[in-house]
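The values are calculated or read from the model by the stated rules, or taken from the named source; none is laboratory data. Note that the coordinates shown come from a computational prediction; the quantities given were computed from them, not determined experimentally. All Cβ positions, even for glycine, are placed from backbone atoms using ideal geometry, and neighbour counts span all protein chains on display.
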Amino acid sequence: MENILFESDEFELAAFISSVEESLLNACNPDLVLIDIVVDKSRGIGVIKDLKRRYASAPILVATSHDETLFAERCLRAGAKGFLMKTQSTDDLLQALQDVSQDRLYLSSRMTARILNRMSTHEIEQKRSRFERLSDRELLIVQHISQSLDNKEIAREMKISIKTIESHRSRIKSKLELSSPSELVRFAMRLQNNR
């Protein structure tokens, strides 16, 4: 993505920052923030909220490898103006940057259709898919589980205790109506494979 921005006549890369902490120290005042929510594995979508506080007037575009069906709406609710999968084309990236810089929302046509379809069929709260019952942090833990990380590795990645991970896993199982740790792992792997 950096190369695309360097070659663009329309957009100028003001800074390349590898952590949220680094952005807080940076004196740059961007017109737009382009971020991958994996930048801070411990915060996930919470990074968007931090950046929104830091750069209130700058719209945020999320470009990530995380599944849009799991993360796009959550990112928008957290304050992002757009969501783009890294597998989308260069033209899609440039279109997303243009839309977001002009204060328009950007989602792939697939996600737009999905949201509009759900709205038109008046999906009620009880019919939400199982993963939508999860908090952002719980979803991030499921994502880590799908990458075959154990509790200790997840705790290290998220910078929280193993006991906290165990507590989250218990709540996740309850919310997803799963009866065992192995069912949770299978559920996480299915999410990963259905991307």
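Brief remarks on what is shown
- Only one entry of LEU34, LEU24 meets the criterion of being at pLDDT below 90, part of a helix (DSSP H, G or I) and under 26 Å from SER135 (Cβ atoms), and that entry is LEU24.
The rows are residues; the columns are (1) assigned by TED's automatic domain parsing to the domain that holds ASP31; (2) surrounded by fewer than 20 Cβ atoms within 10 Å (Cβ to Cβ); (3) out of contact with any Lys or Arg (no Cβ under 8 Å at 6 or more places or on another chain); (4) closer than 25 Å to ASP50 by Cα.
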{"position": "LYS81", "(1), (2), (3), (4)": "yes, no, no, yes"}
{"position": "THR87", "(1), (2), (3), (4)": "yes, yes, yes, no"}
{"position": "ASP91", "(1), (2), (3), (4)": "yes, yes, yes, no"}
{"position": "GLN98", "(1), (2), (3), (4)": "yes, yes, yes, yes"}
{"position": "ASP103", "(1), (2), (3), (4)": "yes, yes, no, yes"}
{"position": "MET111", "(1), (2), (3), (4)": "yes, yes, yes, yes"}
{"position": "LEU116", "(1), (2), (3), (4)": "yes, yes, yes, no"}
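- All helices (runs of 4 or more DSSP H) inside segment 45-123 with 2 or more residues being within 18 Å of the chain's Cα centre (by Cα) and modelled with pLDDT of 90 or more: 68-78, 90-101, 109-120
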